[in-house]
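The structure appears below as structure tokens.
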Amino acid sequence: MLKVVVVVGVPGVGKSSVLAVATKKLSERGYRVRLVNFGDYMLEYLRKSGVVKSRDQIRSLRLATQLEAQKVAARDIRSEFEALPGDRVIGIVDTHAVIKTQLGYWPGLPLAVLQELKPSVIVVIEASPDEILSRQLRDSGRYRADLSSRETIEELLQINRYYAIASSVISGAALRFIQNSEGCVEIAAEELIKVVEEI
Ligand code: AMP
Ligand code: MG
């Protein structure tokens, strides 16, 4: 049976690190795990049409364009998951409950996306504003100037919860909050594994 877990969190919260550890451990424990980054699928689609060169340009595009790429990404991810053979299959989606666009906050998990992905659970990875700030600064490969003031991070942490709750309600997926404290990636990863095992 395919189980889908959607993982969200404010940019810089350390989602990708937690997911890398959790994926490795789940594979070692006999699961067939496919970890995908939603932004990769959007980027691939938008790059082909020459609209953007980097992932951090996506959220500045016109919303109609982002919406089109979002739909393509959700569909492609679901069909990739469904093609995975085996009976202990876990699809993990690294994505966002909310995106800070130029127009305003915009849902990363609206009904159309949730109907494609069909997650059993939405996991929100959280950390303190200070931890997020310093992780963003360390990640030199990314452009996040539009997200990295303290006030923006504090607001995003709050807004992110509201959007995740809304996505849980409209989809019927469970919602879980996991702390990714400094130096404790392993603990966060273990908590995520427990969630997967309880589905
Ligand atoms: P990330 O690498 O996770 O920060 O994602 C890169 C970019 O992909 C984000 O800044 C968004 O523009 C876009 N993105 C990721 N997930 C979603 C989603 N579910 N809906 C819309 N845009 C998304
Ligand atoms: Mg990431």
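The values are calculated or read from the model by the stated rules, or taken from the named source; none is laboratory data. Everything quoted here is computed from the prediction, not taken from an experiment. Cβ placement follows ideal geometry from the backbone for every residue including glycine, while neighbour counts extend to all protein chains displayed.
If I filter region 55-85 down to residues being part of a loop (DSSP other than H, G, I, E, B) and surrounded by 13 or more Cβ atoms within 10 Å (Cβ to Cβ), which single residue comes out as farthest from ligand 1 (Cβ to nearest atom)?
The first filter runs over region 55-85 and keeps only residues part of a loop (DSSP other than H, G, I, E, B), leaving 61-62, 83-85.
Going one step further and asking which of them are surrounded by 13 or more Cβ atoms within 10 Å (Cβ to Cβ), we end up with 61, 84.
On the way: Leu61: 8, Leu84: 21 Å.
Only one residue tops the list, namely Leu84.
Residue under question is Ser148, and the condition is that it be modelled with pLDDT under 95 and within 16 Å of Ile99 (Cα to Cα); does it hold? Here the answer is yes, as Ser148 does meet what is asked.
Name the residue, out of Val6, Val33, Val10, that is away from ligand 2 (no atom under 16 Å from the Cβ) and not in a helix (DSSP H, G or I). Walk me through how you get there before you give the answer.
On the way: Val6 fails: away from ligand 2 (no atom under 16 Å from the Cβ); Val10 fails: away from ligand 2 (no atom under 16 Å from the Cβ).
Within the list Val6, Val33, Val10, the selection yields Val33.
Of all residues in region 89-100, those that are within 13 Å of ligand 2 (Cβ to nearest atom) and modelled with pLDDT of 95 or more have Cβ atoms under 6 Å from Cβ atoms of residues that are among the polar types (S, T, N, Q) and in a strand (DSSP E or B), 6 or more apart or on another chain, in Asp94/Asn37.
Could you say which residue among Leu117, Leu147, Leu111, Leu103 is under 18 Å from the mean Cα position of the chain (by Cα) and loosely packed, with under 14 Cβ neighbours inside 10 Å? Reasoning before the result, please.
On the way: Leu117 fails: loosely packed, with under 14 Cβ neighbours inside 10 Å; Leu147 fails: loosely packed, with under 14 Cβ neighbours inside 10 Å; Leu103 fails: under 18 Å from the mean Cα position of the chain (by Cα).
Of Leu117, Leu147, Leu111, Leu103, the one residue that is under 18 Å from the mean Cα position of the chain (by Cα) and loosely packed, with under 14 Cβ neighbours inside 10 Å is Leu111.
Of all residues in region 12-41, those satisfying the criterion of being within 16 Å of ligand 1 (Cβ to nearest atom), touching a Lys or Arg at 6+ places or on another chain (Cβ under 6 Å) and touching a residue at least 60 places away in the same chain (Cβ under 8 Å) are Gly12, Gly14.
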